[in-house]
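*Asks:* The following block contains the structure, expressed as structure tokens.
The values are calculated or read from the model by the stated rules, or taken from the named source; none is laboratory data. Remember, it's a predicted structure, so these values are computed and weren't measured experimentally. Backbone-built Cβ (ideal geometry, glycine too); neighbour counts: all protein chains shown. The accessibility values were calculated without ligands, DNA or RNA, using every heavy atom of the protein model including side chains. Shrake-Rupley method; radii C 1.70, N 1.55, O 1.52, S 1.80 Å.
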Amino acid sequence: MAKKTTPQLDFNSSWNYAPAPEDTKHINLKKQYELFIDGKFVKPAKGKYFETINPANEEVLAKVAEADETDVNKAVKAARNAYNNVWSKMPAAERGKYIYRIARLMQERAREFAVIETLDGGKPIRESRDIDVPLAANHFFYYAGWADKLAYAFPNRKPQALGVAGQIIPWNFPLLMAAWKIAPALACGNTVVLKPAETTPLTALKLAEIIQESGLPNGVVNIVTGAGKTGAAIVNHPDIDKIAFTGSTDVGKIIQKSIAGTNKKLTLELGGKAAHIIFEDAPIDQAVEGIVNGIFFNQGHVCCAGSRLFVQEGVADMVIRKLKDRLETLIVGDPLDKNTDIGAINSKGQLETIHKYLKIGKEEGADMYQSNCSIPKKGYFCRPTLFLNTSQSHRIVQEEIFGPVLTIQTFRTVEEVIEKANNIPYGLSAGVWTDKGSKIFNLTTKLRAGVVWANTYNKFDPTSPFGGYKESGFGREGGMHGLSAYLKF
Ligand code: NAI
Ligand code: MG
């Protein structure tokens, strides 16, 4: 009789899935993209272009126009004319119809948008397909509904549009951030000049195509591409009434300084370093999944990423063991593959920043643990990483890394964890896992964070406001709060 052997669990082979790449044949990408000004695609004044690449294989996807001051001027002029002559005169219900139309067109082309988002930015197709694109369309749907109901949102306060909004967005949620900015601005009756990030301009330019197709009056939305200099030209333009910025705290501070003393209104959504708190009475398996979702999916390129884990002592060993096991099953690689959990880091510069922090963490004396997965040779990739034995004063605990890197600390009491969680310059978001509702309510009132998720993480909805405290910025986006950022009373 054959001897029976117990099969060995081999993580590497049991988690090998056959590749399941998303098809790219259906997308329509041009070799070169122009600026979208006054309803037309126009060449930049100086004729300069930059390349946007696919960070997963370093191949060039398209050449994109670089706008200078002359181009920004033209865009602001178009936005002002559209505001004065068309958009501010149109009945609000008509404005709403255009916003609905943009939402519907976006849904119709959702697949194309998802693939282009993944190609240009490196995020897994699962994320762009299931989160970024549907949420972006939902923002347009949601705000379309408010266009003719502003008087009900702010009773007895006579809400009025601000005029022309300059909007500057980052590379971590390119289309979604464009939707967060454009949809409420239009619903409130403003016109806009938007600048996407230089590493991820393509979905904003595809959005410009949809906007053209929707018949939105010329100049209501203008999209200018370029890097920091183009952004600064928008910020410093004298005929802009409002600046909305999402990005790094450093640039946020520069913007705040440069508009001080002007009449421009400002909202800033900056960095974060969220505390993710696990109590002993938490449903541990779900919490571990929540931790993974909070920091590793989407490469940690999320301003509200749960990047600081606090585990109550009694369950610390178990949580860390389960987390390490789960890390081994995460698939890092081709963002277009539907099995991929962690895609490409957005740019070479961002990968260098992450590596710099890995080095700092080791030098500070923390213990680094990385999964054993293989990563592609070409492109910018980083293994999911844990730092154990960290302390409050470590730079890896205090500073935003914006990569798949989690620091872990333990705690004993509720008071201790609140103090540790709040002891940071940021205050964008936090997460709590516990079986006790009273603990949740206690923490949500004491954590200095704009959003606190309980027994879940990274959940978004157009109806709920988002924004931070302290160096994470000010102003709220989403929900009714998001309307007031684009209105005067
Ligand atoms: P960044 O803040 O430089 O870029 C964000 C946007 O601002 C881009 O569109 C950029 O072109 C524009 N910009 C740059 N300089 C400007 C200026 N002087 N005036 C006006 N606009 C300007 O962010 P970067 O360098 O890409 O990333 C650096 C760090 O920022 C990341 O490592 C991360 O920690 C943080 N970050 C935070 C984000 C968030 O969602 N809160 C998003 C992206 C980055
Ligand atoms: Mg790119």
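*Asks:* Does segment 369-379 contain any residue that is within 16 Å of ligand 1 (Cβ to nearest atom) and either aliphatic (A, V, I, L, M) or surrounded by 15 or more Cβ atoms within 10 Å (Cβ to Cβ) (or both)?
*Replies:* To start, the set of residues in segment 369-379 that are within 16 Å of ligand 1 (Cβ to nearest atom) comprises none.
No, segment 369-379 contains no residue that is within 16 Å of ligand 1 (Cβ to nearest atom) and either aliphatic (A, V, I, L, M) or surrounded by 15 or more Cβ atoms within 10 Å (Cβ to Cβ) (or both).
*Asks:* Would you mind stating whether Asp334 is more than 16 Å from ligand 2 (Cβ to nearest atom) and open to solvent by 10 Å² or more (accessible area, probe 1.4 Å)? Let's see the steps before the verdict.
*Replies:* Values: more than 16 Å from ligand 2 (Cβ to nearest atom): no; open to solvent by 10 Å² or more (accessible area, probe 1.4 Å): yes.
So Asp334 fails the test.
*Asks:* Here's something else I'd like to know. Output yes when any residue across segment 420-427 is hydroxyl-bearing (Ser, Thr, Tyr) and crowded, with 24+ Cβ neighbours inside 10 Å, and no when none is.
*Replies:* Here is the first cut: in segment 420-427, the residues hydroxyl-bearing (Ser, Thr, Tyr) are 426.
Narrowing further to those that are crowded, with 24+ Cβ neighbours inside 10 Å: 426.
Yes; the residues of segment 420-427 include at least one that is hydroxyl-bearing (Ser, Thr, Tyr) and crowded, with 24+ Cβ neighbours inside 10 Å.
*Asks:* On the basis of being touching a His at 6+ places or on another chain (Cβ under 8 Å) and not assigned by TED's automatic domain parsing to the domain that holds Glu477, does Ile284 make the cut? Write out each step before concluding.
*Replies:* Details: touching a His at 6+ places or on another chain (Cβ under 8 Å): no; not assigned by TED's automatic domain parsing to the domain that holds Glu477: yes.
Against the criterion (touching a His at 6+ places or on another chain (Cβ under 8 Å) and not assigned by TED's automatic domain parsing to the domain that holds Glu477), Ile284 does not qualify.
So that you can scan it fast, the table gives a plain yes or no per residue for (1) open to solvent by 10 Å² or more (accessible area, probe 1.4 Å); (2) part of a loop (DSSP other than H, G, I, E, B); (3) free of Cβ contacts under 8 Å to residues at least 40 places away in the same chain:
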residue: Val193; (1), (2), (3): no, no, no
residue: Thr200; (1), (2), (3): no, yes, no
residue: Ala204; (1), (2), (3): no, no, yes
residue: Ala208; (1), (2), (3): no, no, no
residue: Glu213; (1), (2), (3): yes, no, no
residue: Gly219; (1), (2), (3): no, yes, no
residue: Lys229; (1), (2), (3): yes, no, no
residue: Asp250; (1), (2), (3): yes, no, yes
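*Asks:* I'd like to verify a number: residues in segment 463-478 that are more than 13 Å from ligand 1 (Cβ to nearest atom) and open to solvent by less than 10 Å² (accessible area, probe 1.4 Å), how many?
*Replies:* Residues that pass the stated criteria total 1.
*Asks:* Return the residues of segment 298-314 that are more than 16 Å from ligand 2 (Cβ to nearest atom) and crowded, with 19+ Cβ neighbours inside 10 Å; say none if nothing qualifies.
*Replies:* Gly300, Val302, Cys303, Cys304, Ala305, Gly306, Ser307, Arg308, Leu309, Phe310, Val311, Gln312
*Asks:* So, of the residues in segment 44-57 that are open to solvent by 40 Å² or more (accessible area, probe 1.4 Å) and within 10 Å of ligand 2 (Cβ to nearest atom), which turns out to be farthest from the chain's Cα centre (by Cα)?
*Replies:* For segment 44-57, the residue satisfying everything is Glu51.
*Asks:* Within segment 234-245, is even one residue in contact with a helix residue (DSSP H, G or I) (Cβ under 8 Å, 6 or more places away or on another chain), modelled with pLDDT of 95 or more, outside the structural domain of Val405 (by TED's automatic domain parsing) and more than 16 Å from ligand 1 (Cβ to nearest atom)?
*Replies:* yes
*Asks:* Among what's in segment 232-263 and is closer than 12 Å to Asn73 by Cα and β-branched (Val, Ile, Thr), pick the residue that is farthest from ligand 2 (Cβ to nearest atom).
*Replies:* Among residues in segment 232-263 that are closer than 12 Å to Asn73 by Cα and β-branched (Val, Ile, Thr), the one farthest from ligand 2 (Cβ to nearest atom) is Ile240.
*Asks:* Only one residue in Pro170, Pro155, Pro159, Pro134 is in the same structural domain as Phe245 (by TED's automatic domain parsing), without any contact (Cβ under 8 Å) to a residue 24 or more places away in the chain and open to solvent by 10 Å² or more (accessible area, probe 1.4 Å), so which one is that?
*Replies:* Values: Pro170 fails: without any contact (Cβ under 8 Å) to a residue 24 or more places away in the chain; Pro159 fails: without any contact (Cβ under 8 Å) to a residue 24 or more places away in the chain; Pro134 fails: without any contact (Cβ under 8 Å) to a residue 24 or more places away in the chain.
Selected residue: Pro155, the only one of Pro170, Pro155, Pro159, Pro134 that is in the same structural domain as Phe245 (by TED's automatic domain parsing), without any contact (Cβ under 8 Å) to a residue 24 or more places away in the chain and open to solvent by 10 Å² or more (accessible area, probe 1.4 Å).
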